[in-house]
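Just below is one structure, and these are the notes that go with it.
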Amino acid sequence: MQVSVENTSALERRMTIAVPAERVESEVNKRLQQTARRAKVAGFRPGKVPMSVIRQRYEDAARQEAFGDLVQASFYEAVVEQKLNPAGAPAVEPKSFEKGGDLEFVAIFEVFPEFTVAGFESIAVERLSAEVTDADLDNMLEVLRKQNVRFEVADRAAQNEDQLNIDFVGKVDGEAFAGGSAQGTQLVLGSGRMIPGFEEGLVGAKAGEERVLNLTFPEDYQNLDLAGKTAEFTVTVNSVSEPKLPELTEEFFAQFGIKETGIDGFRAEVRKNMERELRQAIKTKVKNQVMDGLVAANPIEVPKALLENEVNRLRVQAVQQFGGNIKPEQLPAELFEEQAKRRVVLGLIVAEVVKQNELQPDEARVREMIQEMASAYQEPEQVVAWYYKNDQQLNEVRSVVLEEQVVDTVLQKATVTDKSVSYEEAIKPVQAPAAD
């Protein structure tokens, strides 16, 4: 077999492969012999059909089948021989496949980039430290109470945080517009659910009152037909209800699966959950800084095949998350290209760090992570056992641990600054930079 390789770009390879005629005919004859054993031809007993008849009837099909198998097999042999690492399936261009002659074809494909991860010393990481104070715990209890608020009808004017039952009709230039009207809808004032000015315009309203609100849709409103336009909303207030926070009672604790331990037991459980969230938030922020640093220090070209695969994966995830009747392929690829490229680049870099440092998942850390996740459940032992009985889930945890070990490897050489902050600051998500 003859193989020649041409580098057509940094990652693209054009490989010409010639398979000797003897091997081609051998593969064709092998298929014809297999066909002869099972072919049913009128006038002949099964297995007794002359080879000349078999060849006349089935040779074209056998030759096409042999072509497909030979292309696949010889391509694999060639990339092994040439020590190439394809990043996707090749595009095949047949050059010659005449009867009695060599099979010659061209395979065009991309290879994985070859690089060495460097620049650990240039990465700067700010590592936060915080603790859960009694004040943080008290604030969290108030959050939990507000999340379980109930509303009772009040005979007074509406205030912020009240829930109103309203009917409304919206018009632009005197014409009602789609989605601009509703009846019997519940609205909590101050929730920011409606466009600016709508909720503020109902403060002070009483049950049975009608108000007319003249408002302007934001310039960046999602419905472009309404963006920047002035609308008139006629709103009827059916009822005003005031919020009533639940008391910290056994009944309230039971909603969170905590029974018969009283307020002290409930506070202890909430604190434990907050501390778990805090550890994860700090770990995630450190990891994100390390990954950003690795990407900045190691610019690499991404194979188009890997980028396409990741874009398609993100399309499917978007459809699964948001639903609707849209098909994944209908979503524009450019919506996902930036995120897909970062994922692919990070995947390649992390894999190379693992390879360069001969890292293996630390099984003690794997068990520790599973136990940490399981501690959030009422029967943690059962959760741990479930992970160790499911290879797919267990391997996903191993992958996460291996990424943490990559982070640890980088931190050994990176510039790390420790900073003490409040609980709230530590768990606050990092804001994405504003677009220009």
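The values are calculated or read from the model by the stated rules, or taken from the named source; none is laboratory data. Keep in mind the model is a prediction, meaning the values are calculated, not measured. Positions of Cβ are generated from backbone atoms using ideal geometry, with glycine treated the same way; all protein chains shown enter the neighbour counts.
See the values below:
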{"item": "In segment 261-276, the residues that are in contact with a Leu (Cβ under 9 Å, 6 or more places away or on another chain), over 22 Å from Glu368 (Cβ atoms) and not hydrophobic (A, V, I, L, M, F, W, C)", "result": "Arg267"}
{"item": "Residue among Lys95, Lys83 that is assigned by TED's automatic domain parsing to the domain that holds Ala18 and assigned to a loop (DSSP other than H, G, I, E, B)", "result": "Lys83"}
{"item": "Among residues of segment 303-339, those that are hydrophobic (A, V, I, L, M, F, W, C) and either assigned by TED's automatic domain parsing to the domain that holds Leu11 or under 18 Å from Leu11 (Cα atoms) (or both), counted", "result": "3"}
{"item": "Residues within segment 122-138 that are surrounded by 14 or more Cβ atoms within 10 Å (Cβ to Cβ) and not hydrophobic (A, V, I, L, M, F, W, C), tallied", "result": "2"}
{"item": "Residues satisfying the stated conditions in segment 152-203, i.e. within 12 Å of Leu215 (Cβ to Cβ) and either in contact with a helix residue (DSSP H, G or I) (Cβ under 8 Å, 6 or more places away or on another chain) or small (Gly, Ala, Ser) (or both)", "result": "Gly170, Gly180, Gly197, Gly201"}
{"item": "The listed residue being touching a helix residue (DSSP H, G or I) at 6+ places or on another chain (Cβ under 9 Å) and either within 30 Å of Val79 (Cα to Cα) or free of Cβ contacts under 8 Å to residues at least 60 places away in the same chain (or both), out of Thr35, Thr8", "result": "Thr35"}
{"item": "Any hit, segment 238-248, residues being modelled with pLDDT of 95 or more, part of a strand (DSSP E or B), of a type in the set (Lys, Arg) and more than 17 Å from Ala182 (Cβ to Cβ)", "result": "yes"}
{"item": "Single residue of segment 202-249 satisfying the filter (charged (D, E, K, R) and closer than 15 Å to Val169 by Cβ) that is surrounded by the fewest Cβ atoms within 10 Å (Cβ to Cβ)", "result": "Glu210"}
{"item": "Options Val316, Val384, Val353; residue that is surrounded by 15 or more Cβ atoms within 10 Å (Cβ to Cβ), aliphatic (A, V, I, L, M) and free of Cβ contacts under 8 Å to residues at least 60 places away in the same chain", "result": "Val384"}
{"item": "Any hit, segment 90-106, residues being of a type in the set (A, V, I, L, M, F, W, C), loosely packed, with under 11 Cβ neighbours inside 10 Å and over 30 Å from the mean Cα position of the chain (by Cα)", "result": "no"}
{"item": "Test: residue in segment 316-333 that is part of a helix (DSSP H, G or I), modelled with pLDDT under 95 and acidic (Asp, Glu)", "result": "yes"}
{"item": "Arg156 vs. criteria surrounded by 14 or more Cβ atoms within 10 Å (Cβ to Cβ) and at pLDDT 95 or above", "result": "no"}
{"item": "Residue among Arg276, Arg211 that is part of a helix (DSSP H, G or I) and of a type outside the set (Ser, Thr, Tyr)", "result": "Arg276"}
{"item": "Index of the failed condition, Phe75 passing every other in (1) closer than 17 Å to Met1 by Cα; (2) exposed (fewer than 15 other Cβ atoms within 10 Å of the Cβ); (3) modelled with pLDDT of 90 or more; (4) out of contact with any Asp or Glu (no Cβ under 8 Å at 6 or more places or on another chain)", "result": "(2)"}
{"item": "Residue list for segment 98-136, restricted to those being assigned to a strand (DSSP E or B), β-branched (Val, Ile, Thr) and within 30 Å of Glu424 (Cβ to Cβ)", "result": "Val125"}
